[in-house]
1. State yes or no: is B:Val74 in contact with an Asp or Glu (Cβ under 9 Å, 6 or more places away or on another chain) and under 30 Å from A:Glu129 (Cα atoms)?
2. Within the set of pairs 6 or more residues apart or between chains, which connect a residue that is at the interface with chain B (Cβ under 7 Å from one of its Cβ atoms) inside segment A:127-141 to a residue that is of a type in the set (Lys, Arg) and part of a helix (DSSP H, G or I) with Cβ atoms less than 6 Å apart?
3. Could you check B:Phe65 against (1) under 23 Å from A:Leu149 (Cβ atoms); (2) touching a Gly at 6+ places or on another chain (Cβ under 8 Å) and say which number it fails?
4. In segment B:1-34, how many are touching a Ser or Thr at 6+ places or on another chain (Cβ under 9 Å), within 17 Å of A:Tyr61 (Cβ to Cβ) and not small (Gly, Ala, Ser)?
5. So how many residues does segment A:57-69 have that are within 7 Å of chain B (Cβ to nearest Cβ) and surrounded by fewer than 20 Cβ atoms within 10 Å (Cβ to Cβ)?
6. Has segment B:15-25 got any residue that is more than 8 Å from chain A (Cβ to nearest Cβ) and under 29 Å from A:Gly131 (Cα atoms)?
7. Examine segment A:85-102 for a residue that is under 30 Å from B:Gly89 (Cα atoms), modelled with pLDDT of 75 or more and either more than 14 Å from chain B (Cβ to nearest Cβ) or over 22 Å from the mean Cα position of the chain (by Cα) (or both), and state whether such a residue exists.
Amino acid sequence: MIASVVFYLLAAATLAATLLCITRTSPVHAVIYLVHAFFDLALIFYLFGAPLVAAWEMIIYAGAIMVLFLFIIMMLELAPGGKPLTVDRRRWIPVLLLSLVTLGCTVLLIVLDPAAAGSGAAFHASPREFGTALFDRYALAVQVVSFQLLFAAVGAYYVGKGEPRARGDNP
Amino acid sequence: MIVPFAHVLIFAAILFVMGLGCVLARRNLIMILIGVEIMLNAAAVALVGGSAHWRQVDGQVFVVFLMAMTSAEVAISLAMVVYLRRRRGTLEADKFDGLRG
């Protein structure tokens with residue numbers, strides 16, 4: 001069955017990208033490889049019949065959280081600079097392999113179309129079904145999570161505001 | 001379910017252990033946070049796989065809560081990273097060994 005082959009390919013690509021991510025010395029490279037791993041994970045989520053979660057994986061994880069990481073890395077100038085921008089051919093091999101696997105799996109997913117082929121064969125949660133469960137059964141949890149996000153925003157503002165006091169300033 | 005549920009769980013476990021290894025082995029605060037992100041995503045894989053296995057939407061709902069929790073955690077921890085960098089001038093986790101604040 002092609003769908004299971006797509007899953008194993010994507011799982012292998014995710015694990016390879018994650019392994020490359022955790023072994024990089026430069027944090028920028030690590031974040032970019034992790035974004036690639038999240039793309040593969042989003043495709044896996046779509047394959048498992050969770051299109052909305054897949055979209056949010058791309059938008060929130062790859063689009064917002066990882067870009068926030070990049071922003072902090074660049075703001076604090078953590079990336080090792082000063083190296084010449086030579087093109088190392090060996091560095092292209094993992095990038096090309098991962099990109100080709102992701103592209104091939106995307107095309108296969110478009111051709112297979114697990115959403116349409118479902119109808120009993122595979123589980124597929126439509127956004128309507130998903131939203132009903134989220135705002136009906138888990139309405140209280142949504143409220144709690146919104147409080148949590150508010151507290152996090154206040155806490156991040158408090159920690160990040162202004163100049164820090166000098167050491168030994170506090171009693 | 002297109003693949004056996006055990007394979008999904010094994011995949012999630014490998015991903016989780018990779019994140020755990022990153023947290024334990026790396027000494028840069030940014031890389032430690034990236035390891036935490038990998039572990040949370042492994043949990044998301046297990047939840048979505050369970051959702052597909054039992055044909056219930058609850059697992060996907062929990063992934064949304066997981067994403068909200070991750071956003072909150074990342075906001076706080078990156079603010080802490082900026083604060084520590086300003087205050088101590090380093091992000092090496094081994095340097096933060098004093099409790100005096």
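The values are calculated or read from the model by the stated rules, or taken from the named source; none is laboratory data. The structure presented is a predicted model; accordingly, all values stated were derived computationally and were not measured. Using ideal geometry, Cβ is built from the backbone for each residue, glycine included, and neighbour counts are taken over all protein chains shown.
1. Numbers: in contact with an Asp or Glu (Cβ under 9 Å, 6 or more places away or on another chain): yes; under 30 Å from A:Glu129 (Cα atoms): yes.
Yes; evaluated as a whole, the condition is true for this residue.
2. Listed by first residue and then by second, the contacts come to nothing, as the list is empty.
3. Every condition holds for B:Phe65 apart from (2).
4. Counting residues in segment B:1-34 that are touching a Ser or Thr at 6+ places or on another chain (Cβ under 9 Å), within 17 Å of A:Tyr61 (Cβ to Cβ) and not small (Gly, Ala, Ser) gives 4.
5. Number of matching residues: 2.
6. yes
7. No; the residues of segment A:85-102 include none that is under 30 Å from B:Gly89 (Cα atoms), modelled with pLDDT of 75 or more and either more than 14 Å from chain B (Cβ to nearest Cβ) or over 22 Å from the mean Cα position of the chain (by Cα) (or both).
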